[in-house]
1. Report, as a whole number in µm² per second, the diffusion coefficient that Stokes-Einstein gives for region 199-278 at 25 °C and 0.890 mPa s using the Kirkwood radius over alpha carbon pairs.
2. If you rank I266, I113 by fewest surrounding Cβ atoms within 10 Å, what's the result?
3. Can you work out ³J(HN,Hα) from phi for every residue in region 189-198, in order, using Karplus 6.51 cos²θ - 1.76 cosθ + 1.60 and θ = phi - 60°, giving whole Hz and x for Gly and Pro?
4. Taking every pair of alpha-carbon atoms in region 109-198, give the share separated by more than 20 Å as a whole percent.
5. Provide the descending list of Cα extents for region 177-231 along its principal axes, expressed in whole angstroms.
6. Rounded to whole Hz and in sequence order, give me ³J(HN,Hα) for region 155-165 from the Karplus expression 6.51 cos²θ - 1.76 cosθ + 1.60, θ = phi - 60°, writing x for Gly and Pro.
7. Note the full-extension length gain between E196 and L293 as 0.36 nm times their separation in residues minus their Cα-Cα distance, in nm to one decimal.
8. Beyond 21 Å, what share of the Cα-Cα pairs of region 172-319 is found? Please give it as a whole percent.
Amino acid sequence: MIRYGLNMSESKYDRGQYDSVFKAVSKAIASWPPRRYVLPDIPKLLALPRGQAVMTVRSLRKLHTAEAAKQFRLASEERRTSNPPLALHLAELAVYAARPAVAHGWVLCGGLIERDVLAECLATLGNAQRIVGNFKDARQHLKEAAQVARLGSWDPLVEAKVERLTAVLLLDTGHPDEALDLFLRCEATYKKLGEEVRANRVRHYVAQVHLRAGRPDAALRCAHDCYKKSSVDGDPVLKQNLLSLVAQAQIDRGEPEEAREIAKVIQERCSRPEFRAAKARGEWIEARALLALGRWKEGVEGLDLAREEMPPSPTSSSP
């Protein structure tokens, strides 16, 4: 009878031979020079016409790296509130750098890290599109971001980021219940990972969901809890957003006088140009409070003033 297979104990190869091969390979890898990353010259690229900047990034192979894509993404996220169109442009450049990086990464080590970076870039692009009101493309890119994230390294922070931004889109497009499920899942993920600051910021969105769903008491509880924790966080934008939430919830609870006092605090704290939107929101809340108090003339004038002061922005949720 012929036996198929190999009895390793009878093999003419012993383990010592393989050990020497592994040592030789390790030595060769260690001798490789460290990989040098070419970071994008973002100011120079932004000085070009939009189409030319896109073609430059798409054609320069040295920019097709995870690190270059990350730099574009971070630059986009820094400008998401101060200059949404520019943030959108930078997010597009990030995706153009990240897509070919995945192919290059796959050759070297499976492209898992590069896929994580692409997922974050797609999510940032989708969020930038949401901010400028392009909900259709935002939905498409956030969906793709979720698909790419599942093919990456399974980094829970990447997946939570995609879910959080998807939830904000759902909130802005009138799906508060679906958004709430995702926000609560994100919050649980961040807490499990010890990311208390991120968890607290998601809690801010939960308060928004309750407010829009007509649950001012729940919104007020969430906002108060979040504001206490944000004192440690030190995020001034988050604090102003939370004060706005508290004031709006008080109006909905039938407490316009208290809401008006908070609105005045918001306006006093937001005198700097970068807080223009927050200041206008405070004016709008004060006008709502005046209307609730029956002071129609002052309330209407306040709404007109807030409308003039508010910088152009199609959406109301924070990015």
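1. Values: Rh = 12.6 Å.
For the chosen part, D equals 195 µm²/s.
2. On the way: I266 24, I113 17.
In increasing order of surrounding Cβ atoms, one gets I113, I266.
3. Result, ordered by residue: 4, 5, 5, 4, 8, x, 8, 5, 5, 5 Hz.
4. Working: 1362 of 4005 pairs.
Cα-Cα pairs in region 109-198 separated by more than 20 Å: 34 percent.
5. Sorted largest first, the three principal extents are 32, 27, 10 Å.
6. So the J values, rounded to whole Hz, are 5, x, 5, 5, 4, 5, 5, 4, 5, 4, 5.
7. Numbers: separation 97, 0.36 × 97 = 34.92 nm, distance 3.90 nm.
Extending this stretch completely gives an extra 31.0 nm.
8. Numbers: 4852 of 10878 pairs.
Percentage above 21 Å: 45.
Only the coordinates and a few stated rules stand behind these numbers; no lab work does. It should be emphasised that the depicted structure is a prediction, and the values quoted were computed from it without experimental measurement. Cβ coordinates were reconstructed from backbone atoms using ideal geometry, including for glycine residues, and neighbour counts include every protein chain displayed.
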